[in-house]
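Visitor: Encoded as structure tokens, here's the structure I'll be asking about.
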Amino acid sequence: MNKVERSRNYQHRVRQALNKPRLQEALHRFADAYTLAREKAFAGQDFEELRNGIGKMKDEVRDNIDHYLNQFIANAEHAGAKVFVAKTAAEANAYITQLALEKNVQKVVKSKSMASEEIHLNQALRDANIKALETDLGEWIIQLAGERPSHMVMPAIHMFKEEVAELFSKETGREEPAEIEHLVKVARDQLRQAYLEADMGISGANIAVSETGGLALVTNEGNARLVTTLPKIHVALVGLEKLVPRLEHAHDIINVLPKNATGQMVTSYITWIRGAVPCADEKKELHIVFLDNGRTALAKSPHCKDALRCIKCGACANVCPVYQTVGGHVFGHIYISAIGIILTAFFHGLENASELVRACIGCRACVAVCPSQIDLESIILHLREVLGEEEGIGAGKALVFKKVMRNRKLFHGLLRAASRLQKPVTRGERTIRHLPLFFSGLTEWRTLPAIADAPLRDQWATLNQVQAQAKYRVAFFAGCLNDFVYPELGHDLVQVMNHLGVEVTMPLDQNCCGVPALYSGDRETAIALAEQNVAAMLADDPDYVITTCPTCTMALQRDFLDLLGDNPVWAERARHLSEITCDVSRFVVEKLNSGTSFEKVADPAAVTYHDSCHLKRGAGVWQQPRDLLAQTGRDLVEMAHSDRCCGFGGSYSFTSQPDIAKRILNDKISDIEATGAKCVAMDCPGCMMQIRGGLEKQGKKIRAAHTIEIMAEALPQD
């Protein structure tokens, strides 16, 4: 299937998922409950310390995999197990099916194993005329439905009890009521005899301890113990990444895994297996099949290798707005959500991951909850670069990025021309409410801001910036939206900074931060723009560089370092720019200690606050804007899910996944409206475009404003 066909097919699946409101309802309900349960489960523990330790331990195993694997094999075989290392899925399937045939196995019972899903083990057994029965409740449900898991931990999370009752009724031959307790009993009754009849039990493993040669299974159902003990043959299929050096490391994972996976303090069953489990008086066999299947290649990838830290908790799906909108059957292949994108690329080929890579909105929610400190967003961005190199980024984007955006004068000249050409659709307003012809879809669900008649750079010389004794001299990186769409934010910034004794300059040689190109897979253009901006922003040796856009903040602080870090000409300058770059809210609170610099507004209407993704989870700024709003006398009302993405994502909401972006925005607007606030503040022009556009299109009388606007309104009047 070529790129165009893959994209068309994927968009069809997206639309099908979006037409299932009960799916979104179920996933949102779980996500809300999970967030609260997880917070409670980790109360009193230092999550950062825990995940830092797990990450370092996983890196140690990954970098010394032969040592730990050989140590495990020696100890496991000493305890009576047989160990086989499968380089490919085909080798793993061949070993297990051949073993079953040699032992005349007729029936296999399985406990939950994503590794078995990864290699399509059930199909391999079926091809060998061996019946395989899933005994995990969720896995059995989807086996009956002929589906694959939609979540790594909760495989049937997408299904409702009524659907399950219908499946069970077909299986039992009688009508089963849609009552959860009854359905669990039906499953227990249907599966119980199979444990006694089975000749082989197949399980996965959460942990393989090198120093003992033993396995640990962390489960919420008793089926895994029955699968691993009752049949005469037990086969454990284990990914190489499940190795840990010692028992204390296993304890660290067991401490974190249930908390991060489901919000439980501890799981129901923790099963330790070392050697063949006794089975009455009969001889028992334990076969441990270690699975490579792309893991060694992943370990050698300098950009992606951290993905092998994953402990398969599934939390990256639990907090993902894309997953909550379309589910795991769309935002996944075998493995789902953010980690699934990476594993799919290495285990099942980049062609199967390509649409998933593009479906990620880059909100970094997954990064914030990952228990082994994987920077999932950065790895996915690298895969976009690989896709850009392999498949191209499209003729239109290539033209814009390579020929237009790199040429600052041409780029800005075209934006100025667009401000004049837009007159027929703006009708004298600063808002575009409708676009004609094939552009109409862009304004079906939100209004769009018009390009300003004069960009901020053309107005800069007229702004009052006289500072007799300035505390600091800062350079303002405006970004495209602040410069060409919302120049008034620049006016507000200057007023606030001047009032606080800060001189502001705006280097006019600055260009786009390069994030649109980088996120589209055009690293070459991103590097060129990084060099332009480093030179421009450091030209006058400012004390600090301040921004009003968190995406630009992350570009200057993080992306330029990555893009130029190996360049001896630019590396040190990029590092210096990173060190002096600061979001304006953090700068005011932490560098200026603004205190009572603002007047209390006469009418302190309630305001709620939206945390922009890259501001909170990238730059680490969330309390500072709230402190500033409080200083202006505003009554801050917290909204539910304040840090859930608004669905903007730059080109994501225009050309990549507008249907998903629209649904995510609707969730955000519902949360804003529920607060009763008349204003929603934020610190990102992109979020402001998205949220303001959605509010206006839906006729909501709620103002969307940047925090710097509200600060400027609260300045003392001369």
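Just so you know, all these numbers are worked out from the coordinates, no wet-lab data involved. The shown structure was predicted, so the numbers you read here are calculated from the model rather than taken from an experiment. Every residue, glycine as well, gets a Cβ built from its backbone with ideal geometry; the counts of neighbours run over all protein chains shown.
Visitor: Enter the angle in degrees (range 0 to 90, nearest 10) between the Cα long axis of helix 571-580 and the first principal axis of the Cα atoms of the chain, meaning the one along which they spread out most.
Guide: That works out to roughly 70 degrees.
Visitor: May I ask for the percentage of alpha-carbon pairs in the chain that lie more than 32 Å from each other?
Guide: Values: 144345 of 257403 pairs.
Cα-Cα pairs of the chain separated by over 32 Å account for 56 percent.
Visitor: Let me ask something else. Order these by the 10 Å Cβ neighbour count, fewest first: S210, S642.
Guide: Working: S210 23, S642 19.
With the fewest neighbours first, S210, S642 line up as S642, S210.
Visitor: Which longest uninterrupted range of the chain lacks any chymotrypsin sites (Phe, Trp or Tyr not before Pro) assigned by DSSP to a loop state (not H, G, I, E or B) and surrounded by at most 14 other Cβ atoms within 10 Å? Don't skip to the answer; put the middle values down first.
Guide: On the way: sites that count: F160, F654.
The longest uninterrupted stretch comes out as 161-653.
Visitor: Then there is this: Among the aspartates and glutamates, which have Cα under 12 Å from the Cα of K402 when same-chain residues fewer than 8 positions away are ignored?
Guide: D522, E524
Visitor: Charges on Cβ only, +1 for Lys and Arg, -1 for Asp and Glu, centred on the Cα centroid of region 606-713; of S653, C684, L628, which one is farthest towards the dipole's positive end?
Guide: Of the candidates, S653 comes out farthest on the positive side.
Visitor: How far, in degrees from 0 to 90, does helix 658-674 lean away from the longest principal axis of the Cα atoms of the chain, to the nearest 10?
Guide: 70 degrees
Visitor: Now a separate question. If I model a spin label as a point 7 Å beyond the Cα along the Cα-Cβ vector, how far apart are those points for L399 and K423 in nm?
Guide: Roughly 2.5 nm, to one decimal.
Visitor: How high is the FRET efficiency between M1 and H499 when r is their beta carbon distance and R₀ equals 45 Å, given to the nearest 0.05?
Guide: Details: r = 59 Å, r/R0 = 1.31.
With a Förster radius of 45 Å, E is 0.15.
Visitor: What distance in nm lies between label points placed 7 Å from Cα along the C-beta direction at N593 and S268?
Guide: 5.6 nm
Visitor: Residues of region 94-123 with amide nitrogen under 19 Å from the 7 Å Cα-to-Cβ point of K82?
Guide: 94-109
Visitor: May I ask you to work out the translational diffusion coefficient for region 71-294 at 10 °C, viscosity 1.306 mPa s, via Stokes-Einstein with Rh from the Kirkwood sum over Cα pairs, reported in whole µm²/s?
Guide: 88 µm²/s
Visitor: On a 0 to 90° scale, report how tilted helix 376-391 is relative to the longest principal axis of the chain, with both axes built from alpha carbons and the result rounded to the nearest 10.
Guide: So the helix axis and the longest Cα principal axis differ by about 90 degrees.
Visitor: Any chance you could list the semi-axes, whole Å, largest first, of the equivalent ellipsoid that the Cα gyration tensor gives for region 216-298, using √(5λ)? Provide the component values of the computation, followed by the final result.
Guide: Working: eigenvalues 111, 74, 26 Å².
Its equivalent ellipsoid spans semi-axes of 24, 19, 11 Å.
Visitor: Between L350 and N104, what is the label-point separation in nm under the 7 Å Cα-to-beta-carbon projection?
Guide: Between N104 and L350, the label points sit 5.1 nm apart.
Visitor: Quick check for you: which residues of region 687-711 have the amide N under 18 Å from the point 7 Å beyond the Cα of R433 toward its beta carbon?
Guide: Hits in region 687-711 for R433 at 18 Å: 692-704.
Visitor: Rounded to the nearest 0.05, what FRET efficiency is calculated for Q193 and R126 with R0 set to 22 Å and r the Cβ-Cβ distance? The partial results should precede the final answer.
Guide: Numbers: r = 21 Å, r/R0 = 0.93.
Step by step, r from the Cβ atoms, then E = 0.60.
Visitor: Can you tell me how much longer the chain between R473 and A94 gets when fully stretched, taken as 0.36 nm per residue apart minus their C-alpha distance, in nm with one decimal?
Guide: Here the answer is 129.6 nm.
Visitor: Please arrange L508, L257 by counting, for each residue, the other beta carbons lying within 10 Å of its beta carbon, fewest first. Write down the numbers at each step before the final one.
Guide: Numbers: L508 13, L257 26.
The fewest-first ordering by Cβ neighbours comes to L508, L257.
Visitor: Please report the projected area of region 606-713's Cα convex hull averaged over all directions, in nm². Could you put the intermediate results ahead of the total?
Guide: Working: hull surface 25.0 nm².
Projected area, direction-averaged: 6.2 nm².
Visitor: Would you list the P(r) distribution for region 105-187, with all Cα-Cα distances sorted into 10 Å bins from 0 and each bin expressed as a whole %?
Guide: So the P(r) values, bin by bin, are 17, 49, 29, 5.
Visitor: Using +1 on the beta carbon of Lys and Arg, -1 on that of Asp and Glu, and nothing else charged, what's the dipole of the chain about the Cα centre, debye to 20? Mind dumping the intermediate values first?
Guide: Values: 82 positive and 88 negative charges, 260 e Å.
Roughly 1260 debye for the chain.
Visitor: Next question. Considering the options L36, A81, Q24, tell which one lies farthest towards the positive end of the dipole of region 1-87, charges being +1 on Lys and Arg and -1 on Asp and Glu at the Cβ, about the Cα centre.
Guide: Positive-most Cα among the choices belongs to Q24.
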